[in-house]
2 protein chains.
Amino acid sequence: MNAEIIGVGSELLLGQISNTDAQYLSRQLSSLGIDVYWHTVVGDNRDRLLRTLRIASDRSDIIITTGGLGPTMDDLSKETVATFLGLDLVLHQPSLERIRNHFSAMGRTMTKNNVKQAMFPKDSIILQNDIGTAPGAVMEANGKSYIVLPGPPSELQHMFDHYAFPYLKRKSGQGIYSRVLRIYGIGESAVEEMVKDLLVNQKNPTLAPLIGVGEVTLRITAKSSSPEEGEALIRPMEQEIEKRLGTAIYGFDEDRMESVVVNLLREKGRTLSVAESCTGGLVSNRITNVPGASDVLLEGCVTYSNQAKIARLGVSPKTLKTYGAVSRQTALEMAEGIRKTSKSDIGIATTGIAGPGGGSPQKPVGLVHIAIADQNGASAKELHLDGDRILIKNGAVMHLLNELRLYLLSLK
Amino acid sequence: MNAEIIGVGSELLLGQISNTDAQYLSRQLSSLGIDVYWHTVVGDNRDRLLRTLRIASDRSDIIITTGGLGPTMDDLSKETVATFLGLDLVLHQPSLERIRNHFSAMGRTMTKNNVKQAMFPKDSIILQNDIGTAPGAVMEANGKSYIVLPGPPSELQHMFDHYAFPYLKRKSGQGIYSRVLRIYGIGESAVEEMVKDLLVNQKNPTLAPLIGVGEVTLRITAKSSSPEEGEALIRPMEQEIEKRLGTAIYGFDEDRMESVVVNLLREKGRTLSVAESCTGGLVSNRITNVPGASDVLLEGCVTYSNQAKIARLGVSPKTLKTYGAVSRQTALEMAEGIRKTSKSDIGIATTGIAGPGGGSPQKPVGLVHIAIADQNGASAKELHLDGDRILIKNGAVMHLLNELRLYLLSLK
């Protein structure tokens, strides 16, 4: 069974937004063992959408549209799919009630154009929208399923997971099971070299490398009829890769560097505090994105100015004068300072030049010092990062969190 | 003239990455007055890519593929386009030299499989890759242009801007000019209601609404042969919308809420400091993403624990005991505290429950207090936000930055 995802919306073709809906659905469909062979994006244009539906119907079993379910004239996905299938729209009273309630819960009155959102072909399976107003639907015809979903990602994801996923699970038999290994600190081609023999000559499971922003991932994928069998197929290859790459593998599947670090801090019973200059709050922000981060993170200081470095962290004015704010010495004193003033077990720090301004031949844009302090002292590392301000901030944070991870792993 | 973008890569169909290349190219093509009517994504599969090329050739003038130019067996975009056009590949010596130099610059030796990247149909226009190894190419046939570009976004963007853009500019005559108006604090349907008459009955310029995360945007688009004429077409509609929406328009085009705030702080000659609890550093991070933020941001404190709120900000233990950490009173004292201790003109603060844990019937997940303090005192606002931890953090930050913007606008 294979599926095609049709994104409907001129904003996608104008590049105003990225097609994250297709990404989300692709992952979910893959976990159901449904192959996705095509994504298509088409504008809010009836004729071109009809052409797209014709092509999709020729080559795919499940056709999913995203977007174009709203109340405005531009929203024509559902209407066009119905036209394509030769079906009329009729009012679905329960959906109209839900939409009306949604408006009154927000203290607003439903405007007339919203009625359109409650109109469906007679035999559709209605997919309830618990987040917004536009319901989705499944229409079955000629042995194929046409699923129309709303465009806003939060609505689409909730609706798919709760109402479309169970429908598709019933239709599909076999599953695809996969494990993603997340690697930091080794380049893509070096990783590929290290697992070259596993990349070829493998049928089930298969192995595929993928380069991300500042990390490389390997995905092991097995086809099987049960999760247990899938796991049994995946496990030996996973162990082999772990043997070869060791601690360069920082996490699995949906792990993020920050969630791995928060878990390690909790496991090792250590508390953390953060002093940031050039990363400007990104270290704290990433860590506090992890639910329960408050168990291990005591506090963070964004000390942009020298004055703040002195007052908040106790960095010595002499150090700042002698070596400058962007220096190994300042990074060390920042890490030690935040550790002491916050009474945490570990203090970490960043100081550098994120650009675009502020660089010099001696201290160019991209120079960042990171440091980690504990009860035994502090150590620092000098980084030279490429890219714009945002990339440099992100690169410094990934490096620092990875160093912290390796430090935590080394603790007994 | 119209274009179609074909993303090639199984990682797109598995949902491992989002098709940001199509988004980038769409924006650039739109600025050239080239209509993009379709995006397609297809896997690393020769037969399906051939089918896709056949469909694209039937309906589009310019066919751009992204991805599949690398050295591995899976990389088959260029080979398949050549097959489709009936062209043979020959070695392009200058490209081979560049690739060899690229490797030696990184202190590595070029492996044999990389030679594949320097093979092109004889009459191709080679698009140099200044960032990575795989060059791109333009192949012209049957009055259509086939452009193959690499997948990694940094390589694609640099190559497109420097080598493909000039080629396409020569081919295209007319340009599309647009202005995006960014709106905060009014819902999508209310905005649409306010500009309904401008949405219909307009040919040039046209107006289109777009809902983003926590904001609504309106895009005015004019077709014209010069930037001046485009501007003259856009300006009257823009002024009309400004008259209707007033300060709900927070910015234009690539403006972000944080860049608007940093500019206003600079304009008004005010310095800022930030005290964060539930937003965990995101306020500081967003502000420090703006180049030159160090001119106006003195410092930030992420005070997760009560102890840190007391020690760093001088929040009174009695306030914390009587009203709790998540309260209007605590938010006010945090904003006043960070202002005083950092000696900034303005202090802002957040405290709330980002979830998923930590909620109660009295103080549910999504409750956030935000506050702003200046020399005359402090004011606070209570928010009730929906969504997961990340959405709640983002929602609180957008609200707070918008309040700060309105405050700054009110200053003489």
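Please verify whether the stretch A:223-232 includes one or more residues that are in contact (Cβ under 8 Å) with a residue 60 or more places away in the chain and closer than 21 Å to A:Ser172 by Cα. The answer is yes; a qualifying residue exists. Remark: pairs (first residue in the stretch A:151-166, in the same structural domain as A:Tyr24 (by TED's automatic domain parsing); second residue crowded, with 23+ Cβ neighbours inside 10 Å and among the polar types (S, T, N, Q); Cβ separation under 7 Å; 6+ apart in sequence or on different chains) = A:Gly151/A:Thr66; A:Glu155/A:Asn129; A:Leu156/A:Thr66; A:Met159/A:Asn129.
For the stretch B:231-248, the candidate set comprises residues that are in contact with a strand residue (DSSP E or B) (Cβ under 9 Å, 6 or more places away or on another chain) and within 14 Å of B:Ile186 (Cβ to Cβ); within that set, the residue that is surrounded by the most Cβ atoms within 10 Å (Cβ to Cβ) is B:Ile241. The residue that is nearest to A:Thr83 (Cα to Cα), counting only those in the stretch A:37-53 that are among the aliphatic types (A, V, I, L, M) and at the interface with another protein chain (Cβ under 8 Å from one of its Cβ atoms), is A:Val42. One residue stands out among those in the stretch B:319-340 that are β-branched (Val, Ile, Thr) and free of Cβ contacts under 8 Å to residues at least 60 places away in the same chain: the one that is farthest from the other protein chains (Cβ to nearest Cβ), which is B:Thr322. Remark: A:Arg286 matches the filter, which requires a residue to be out of contact with any strand residue (DSSP E or B) (no Cβ under 7 Å at 6 or more places or on another chain), in the same structural domain as A:Arg405 (by TED's automatic domain parsing) and of a type in the set (Lys, Arg). When the stretch B:177-204 is filtered for residues that are under 24 Å from the mean Cα position of the chain (by Cα) and modelled with pLDDT of 80 or more, the ones remaining, listed by number, are B:Tyr177, B:Ser178, B:Arg179, B:Val180, B:Leu181, B:Arg182, B:Ile183, B:Tyr184, B:Gly185, B:Ile186, B:Val191, B:Glu192. Is there a residue in the stretch B:131-142 that is touching a residue at least 12 places away in the same chain (Cβ under 8 Å) and at positive phi? Among the residues of the stretch B:131-142, at least one is touching a residue at least 12 places away in the same chain (Cβ under 8 Å) and at positive phi, which makes the answer yes.
Look at the stretch A:193-207: where a residue is under 16 Å from A:Val180 (Cβ atoms) and in contact (Cβ under 8 Å) with a residue 24 or more places away in the chain and a partner is of a type in the set (D, E, K, R) and surrounded by 11 or more Cβ atoms within 10 Å (Cβ to Cβ), sitting 6+ places away or on another chain with Cβ atoms under 8 Å, you get A:Val195/A:Arg244; A:Leu198/A:Glu240; A:Leu207/A:Arg219. The listed residues are B:Ser305, B:Ser277, B:Ser294, B:Ser273, and the only one of them that is within 27 Å of the chain's Cα centre (by Cα) and surrounded by fewer than 24 Cβ atoms within 10 Å (Cβ to Cβ) turns out to be B:Ser294. In the stretch B:54-77 there is at least one residue that is away from every other protein chain (no Cβ under 13 Å), buried (at least 21 other Cβ atoms within 10 Å of the Cβ), of a type in the set (A, V, I, L, M, F, W, C) and over 23 Å from A:Asp44 (Cα atoms).
May I ask you to verify whether B:Phe103 is farther than 22 Å from B:Ile176 by Cβ, of a type in the set (Phe, Trp, Tyr), out of contact with any Asp or Glu (no Cβ under 6 Å at 6 or more places or on another chain) and buried (at least 19 other Cβ atoms within 10 Å of the Cβ)? Full working, then the answer.
Values: farther than 22 Å from B:Ile176 by Cβ: yes; of a type in the set (Phe, Trp, Tyr): yes; out of contact with any Asp or Glu (no Cβ under 6 Å at 6 or more places or on another chain): yes; buried (at least 19 other Cβ atoms within 10 Å of the Cβ): no.
For B:Phe103, the condition - farther than 22 Å from B:Ile176 by Cβ, of a type in the set (Phe, Trp, Tyr), out of contact with any Asp or Glu (no Cβ under 6 Å at 6 or more places or on another chain) and buried (at least 19 other Cβ atoms within 10 Å of the Cβ) - is not met.
Here B:Ala325 fits the description: in a loop (DSSP other than H, G, I, E, B) and over 33 Å from the mean Cα position of the chain (by Cα). Can you find a residue that is assigned to a strand (DSSP E or B), more than 13 Å from chain B (Cβ to nearest Cβ), within 25 Å of A:Pro166 (Cα to Cα) and modelled with pLDDT of 95 or more anywhere in the stretch A:7-25? No, the conditions are met nowhere in the stretch A:7-25.
In the stretch A:198-211, is there at least one residue being of a type in the set (S, T, N, Q), surrounded by fewer than 17 Cβ atoms within 10 Å (Cβ to Cβ), part of a strand (DSSP E or B) and out of contact with any Gly (no Cβ under 7 Å at 6 or more places or on another chain)? Even if it seems obvious, please write down each step before you answer.
Pass one, the stretch A:198-211, residues of a type in the set (S, T, N, Q): A:201-202, A:204, A:206.
Those still in the list that are surrounded by fewer than 17 Cβ atoms within 10 Å (Cβ to Cβ) too: A:201-202, A:204, A:206.
This time we only want the ones that are part of a strand (DSSP E or B), so: A:206.
Going one step further and asking which of them are out of contact with any Gly (no Cβ under 7 Å at 6 or more places or on another chain), we end up with A:206.
Yes, the stretch A:198-211 has at least one match.
In the set (1) of a type outside the set (Lys, Arg); (2) part of a loop (DSSP other than H, G, I, E, B); (3) away from chain B (no Cβ under 14 Å), the condition left unmet by A:Asn402 is number (2). Only residues that are out of contact with any strand residue (DSSP E or B) (no Cβ under 9 Å at 6 or more places or on another chain) and not polar (S, T, N, Q): list them for the stretch A:117-133, please. Across the stretch A:117-133, the qualifying residues are A:Asp130, A:Ile131, A:Gly132. For the stretch A:253-275, taking the residues that are of a type in the set (Asp, Glu) and under 17 Å from A:Val296 (Cβ atoms), the one that is nearest to the other protein chains (Cβ to nearest Cβ) is identified as A:Glu258.
A count restricted to the stretch B:294-311 and to residues that are closer than 14 Å to B:Ile348 by Cβ and more than 7 Å from chain A (Cβ to nearest Cβ) stands at 1. Just so you know, in the stretch B:156-191 the residues that are in contact with a helix residue (DSSP H, G or I) (Cβ under 7 Å, 6 or more places away or on another chain) and part of a helix (DSSP H, G or I) include one that is surrounded by the fewest Cβ atoms within 10 Å (Cβ to Cβ), and it is B:Phe165.
When the residues of the stretch B:26-36 are filtered to those that are at negative phi and more than 7 Å from every other protein chain (Cβ to nearest Cβ), the one that is surrounded by the fewest Cβ atoms within 10 Å (Cβ to Cβ) is B:Ser31. With respect to A:Leu282, is the statement that it is touching a residue at least 60 places away in the same chain (Cβ under 8 Å), of a type in the set (A, V, I, L, M) and facing chain B (nearest Cβ under 10 Å) true? Answer is yes for this residue.
Screening B:Arg286, B:Arg244 for residues that are modelled with pLDDT of 95 or more, within 30 Å of A:Val296 (Cβ to Cβ) and among the basic types (Lys, Arg) leaves exactly one candidate, B:Arg286.
The values are calculated or read from the model by the stated rules, or taken from the named source; none is laboratory data. Being a predicted model, the structure only gives us computed values, none of them experimental. Using ideal geometry, Cβ is built from the backbone for each residue, glycine included, and neighbour counts are taken over all protein chains shown.
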